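Enquirer: Quick one: this structure, given as structure tokens, is what I'll be asking you about.
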Amino acid sequence: MSTQRSTNIFDIYLKGVCVLERLYIRGQRRLNGEVSISGAKNAVVAIIPAAIMAEGVSVIENLPRIADVKSYVNTLTGIGAQCSFTDEQTMRIDATGINDYHADSDDVRKMRASYYLMGALLARFKKAVVALPGGCNFGSRPIDLHLSGLKALGARIKEDHTNGIISLEADRLIGTSIFLDTASVGATINIMLAATLAEGTTIIENAAKEPHIVDTANFLNMMGAKVKGAGTDVIRITGVEKLHSAQYMIIPDQIEAGTYMIAAAVCGGDVTVRNLIPKHMDSLTVKLKDAGCKIIEGDDYIRVVSDGNLKAINVKTMAYPGFPTDLQPQMAVLQCKANGTSTLIENVWENRFQYVNELRKLGCDITVDGRKAVILGVPVLIGTDVVATDLRAGAAMVIAGLCAMGETRIGNVRFIDRGYERIEYKLKNLGADIERVNEDAK
Ligand code: UD1
């Protein structure tokens, strides 16, 4: 199948990436029914580059149709891979024909997670030329731990900040012990990718433990890698000479699931969020219970029942299994609607409160001091024009619009499309009054 078809699959749902679109929401409707969670963005953006480390056809199932995947498809096609689709959620990546270790296109620059191409291309070709990563801007997002880890494995690295490019080259990759100063998700995965094809054993200490690290390790092991300990803070990788292609189903998206759970709590109603891993949601379910929601858990679903009358709660973001920073802006909306004063402390990113000004336009009462926000609940939010300042901030604007009085119009939808598959379809199914409007066509 040709890449033409692959492009079409995304274009059906992702026109907003190219044109000026806004989400129009008429709020104050209860949410009821079921919503099914897509494959995890942060897993798929690591597993796609992992798939190019072996020749042959890998098959990725439960693929989310999000803009970051589209950017990866364009990137891989550009370096000689063939990407095709057997159905809307299954992508075949034939990595046999990859003959280029330069990944510096605009698509690479759009994504933060394109940094995984450094580890993957270095492992396969011992060379990589990769554009500096883009993605959401919430303060300084260094990659020093990725680079020092790859260097410890034997890479020589040149950073060209004028052209925004990093070049890596190694004669041999040799396993070693690496202690991460900060338990970085990206550095853990990048080092893991390169170490699978290094000589000898690599030990990553103070490794991050997020679910997508385990998912990436599981995929690598299906490709013939020897990765042990993913999900704990010590990962041991015994290098192998060669990997082979594999078939793999991506885990459900913890953050997408959490976003719908918070939306149900805030709007009130009875929503069953299906195809999730309840264990991944523990840090959120405990907070929703504290806020007064009823939570019913099954093997692969969580039902959130809320009357919309919420208690104030305090939240601190932490690395997994703590409360995820990627649900912090959505949680702020819940706190805005709760009765009383809540606090929200951001421990992961230095500047992740940029969306607060947008929430203030809707009538939210939020005071930010450094990494701490104090939020005074208000009886009602009033719809107006706001913008998504980044991906999860965009999700927060959607939740705010869903509970606000009147109409909320959200700009910069392209940020939301980076991580949420068909958000307006899924919300409409739950009873929301939401539509995507092409402003160019108006
Ligand atoms: C990943 C997620 C992102 C999430 C974040 C934290 C992906 C594609 N993105 O981002 O959605 O918000 O985890 O859960 O999975 N740090 C350094 N040096 C480095 C790398 C990171 O100091 O080389 C610091 C960062 O500034 C930050 C902390 O480590 O304070 C965590 O960052 P990290 O876990 O690396 O986040 P990402 O992998 O970029």
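Enquirer: Across segment 158-180, which residue is surrounded by the fewest Cβ atoms within 10 Å (Cβ to Cβ) among those that are within 16 Å of the ligand (Cβ to nearest atom) and at pLDDT 95 or above?
Expert: 179
Enquirer: Here's a follow-up. Tell me yes or no: at least one residue of segment 256-267 is in contact with a Pro (Cβ under 6 Å, 6 or more places away or on another chain) and away from the ligand (no atom under 14 Å from the Cβ).
Expert: No - not one qualifying residue is present in segment 256-267.
Enquirer: Scan segment 128-143 and give yes if some residue there is in a helix (DSSP H, G or I) and open to solvent by 10 Å² or more (accessible area, probe 1.4 Å), otherwise no.
Expert: Let us first name the residues in segment 128-143 that are in a helix (DSSP H, G or I), namely none.
Checking segment 128-143: not a single residue is in a helix (DSSP H, G or I) and open to solvent by 10 Å² or more (accessible area, probe 1.4 Å).
Enquirer: In addition: In segment 231-255, which residues are of a type outside the set (D, E, K, R), in contact with a strand residue (DSSP E or B) (Cβ under 9 Å, 6 or more places away or on another chain), open to solvent by 10 Å² or more (accessible area, probe 1.4 Å) and within 16 Å of the ligand (Cβ to nearest atom)?
Expert: Within segment 231-255, 251, 252 meet the criteria.
Enquirer: Out of segment 186-195, which residues are closer than 16 Å to residue 52 by Cα and within 12 Å of the ligand (Cβ to nearest atom)?
Expert: Going residue by residue through segment 186-195, those that are closer than 16 Å to residue 52 by Cα are 189-195.
Matches in segment 186-195: 189, 190, 191.
Enquirer: Inspect segment 367-384 for any residue being closer than 28 Å to residue 418 by Cα, free of Cβ contacts under 8 Å to residues at least 12 places away in the same chain and touching a strand residue (DSSP E or B) at 6+ places or on another chain (Cβ under 9 Å) and give the result as yes or no.
Expert: The answer is no; no qualifying residue exists.
Enquirer: Find the residue count for segment 365-387, including only residues that are under 20 Å from residue 344 (Cβ atoms), open to solvent by 30 Å² or more (accessible area, probe 1.4 Å) and not aliphatic (A, V, I, L, M).
Expert: 7
Enquirer: Go through 81, 54, 40, 95 for me and flag whichever is more than 24 Å from residue 432 (Cβ to Cβ), open to solvent by less than 20 Å² (accessible area, probe 1.4 Å) and in contact with a helix residue (DSSP H, G or I) (Cβ under 7 Å, 6 or more places away or on another chain). Write out each step before concluding.
Expert: On the way: 81 fails: in contact with a helix residue (DSSP H, G or I) (Cβ under 7 Å, 6 or more places away or on another chain); 54 fails: in contact with a helix residue (DSSP H, G or I) (Cβ under 7 Å, 6 or more places away or on another chain); 40 fails: more than 24 Å from residue 432 (Cβ to Cβ).
That would be 95, the only listed residue that is more than 24 Å from residue 432 (Cβ to Cβ), open to solvent by less than 20 Å² (accessible area, probe 1.4 Å) and in contact with a helix residue (DSSP H, G or I) (Cβ under 7 Å, 6 or more places away or on another chain).
Enquirer: Is it the case, given these coordinates, that residue 58 is in contact with a Phe, Trp or Tyr (Cβ under 9 Å, 6 or more places away or on another chain) and in a strand (DSSP E or B)? Step through it out loud before you land on a result.
Expert: On the way: in contact with a Phe, Trp or Tyr (Cβ under 9 Å, 6 or more places away or on another chain): yes; in a strand (DSSP E or B): yes.
Judged against the criteria, residue 58 is a match.
Enquirer: For residue 318, are the conditions met, namely being of a type outside the set (Asp, Glu), within 14 Å of the ligand (Cβ to nearest atom) and open to solvent by less than 70 Å² (accessible area, probe 1.4 Å)? Even if it seems obvious, please write down each step before you answer.
Expert: Details: of a type outside the set (Asp, Glu): yes; within 14 Å of the ligand (Cβ to nearest atom): yes; open to solvent by less than 70 Å² (accessible area, probe 1.4 Å): no.
In short, no.
Enquirer: Tell me, which residue of segment 196-217 that is within 16 Å of the ligand (Cβ to nearest atom) and either in a helix (DSSP H, G or I) or at pLDDT below 95 (or both) is surrounded by the fewest Cβ atoms within 10 Å (Cβ to Cβ)? Please lay out each step first, then the result.
Expert: Initially, segment 196-217 is screened for residues within 16 Å of the ligand (Cβ to nearest atom), giving 204-217.
Those still in the list that are either in a helix (DSSP H, G or I) or at pLDDT below 95 (or both) too: 211-217.
Details: 211: 22, 212: 26, 213: 27, 214: 19, 215: 24, 216: 30, 217: 24.
The selected residue is 214.
Enquirer: Additional query: Here are some residues: 95, 131, 183, 103. Which one is at pLDDT 95 or above and away from the ligand (no atom under 12 Å from the Cβ)?
Expert: Working: 131 fails: at pLDDT 95 or above; 183 fails: away from the ligand (no atom under 12 Å from the Cβ); 103 fails: at pLDDT 95 or above.
Among 95, 131, 183, 103, only 95 is at pLDDT 95 or above and away from the ligand (no atom under 12 Å from the Cβ).
The values are calculated or read from the model by the stated rules, or taken from the named source; none is laboratory data. Source: prediction; values computed, not measured. All Cβ positions, even for glycine, are placed from backbone atoms using ideal geometry, and neighbour counts span all protein chains on display. Remember, those area values only see protein heavy atoms, side chains included, never the ligands or the DNA or RNA. Shrake-Rupley method; radii C 1.70, N 1.55, O 1.52, S 1.80 Å.
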